[in-house]
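What follows is a short report on a single structure.
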Amino acid sequence: MRLIVPGAEWVCAEEQGTGTEIWRANFGAGHAVVRRAVFRDGRVYICTGFMKPELWAIKVDGAGDVTDSHVAWTCEKQVPEISSPLVSGSEIYFVSSKGVATCLDAKTGESIWQQRLGGNFAASPLLADDKLYFTSQEGITTVLKPGRKYEEIARNQLFGQTLASLAISGDSLLIRTQSQLSC
């Protein structure tokens, strides 16, 4: 079992329990890495943090410094500074802080679609009931159908600033705004 630890300038894979380093990759001047790493099909996807946010796809089967040998691809366009990416099927989805949603091919990093949702974003997207949920700081949740074409299903407005990511409890969707919790 491995633990993926993104930090300032480096992401490391460590043995869970012992902390022994397995591999590391240097992504440069990134700092304040607040997003979670996402794993799928032998790759870990990390966002590099503030200053120059990038999304990196790293193959996890390496050892030592894998910066030059195991980085499958990188993306520098509209990468979030705060929210985490989401992998579903063969696609990876994310939304920039300025409201541009992106879908890439998770294996190649090839751009599939980009769409301006409007608003500002801190919350990570959520996949539930075969729907993607993107919630802006202004309290607007845009619901999309996952896939290789942009397909908006709905938009919902809540009242109050929303910075928190959506959560699921059983069959319920939980949304926290500045002043209330909605279910």
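The values are calculated or read from the model by the stated rules, or taken from the named source; none is laboratory data. As the structure is a prediction and not an experimental result, all values here were calculated from the model. So basically every Cβ, Gly included, is an ideal-geometry build from the backbone, and we count neighbours across all protein chains shown. For accessibility, only protein heavy atoms count, side chains too; no ligands or nucleic acids. Shrake-Rupley method; radii C 1.70, N 1.55, O 1.52, S 1.80 Å.
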Among residues belonging to region 69-97 that are part of a loop (DSSP other than H, G, I, E, B) and acidic (Asp, Glu), point out the one that is most open to solvent (accessible area, probe 1.4 Å). Glu76
Sort out which residues of region 113-142 are open to solvent by 60 Å² or more (accessible area, probe 1.4 Å) and touching a Gly at 6+ places or on another chain (Cβ under 9 Å), and write them in order of number. Arg116, Glu138
Filter result (open to solvent by less than 20 Å² (accessible area, probe 1.4 Å) and within 16 Å of Thr142 (Cβ to Cβ)) within region 98-112: Gly99, Val100, Ala101, Thr102, Cys103
In region 29-47, what count of residues is obtained for those that are at pLDDT 85 or above and either crowded, with 19+ Cβ neighbours inside 10 Å or polar (S, T, N, Q) (or both)? 7
How about region 55-68: which of its residues are open to solvent by 70 Å² or more (accessible area, probe 1.4 Å) and in a loop (DSSP other than H, G, I, E, B)? Asp61, Ala63, Asp68
One residue is enough: does region 43-54 have a residue meeting the conditions closer than 19 Å to Glu91 by Cα, in contact (Cβ under 8 Å) with a residue 60 or more places away in the chain and charged (D, E, K, R)? yes
In this structure, does Lys52 turn out to be modelled with pLDDT of 95 or more, more than 13 Å from the chain's Cα centre (by Cα) and open to solvent by 20 Å² or more (accessible area, probe 1.4 Å)? no
Taking Lys145 as meeting all but one of (1) at pLDDT below 95; (2) open to solvent by 10 Å² or more (accessible area, probe 1.4 Å), write down the number of the exception. (1)
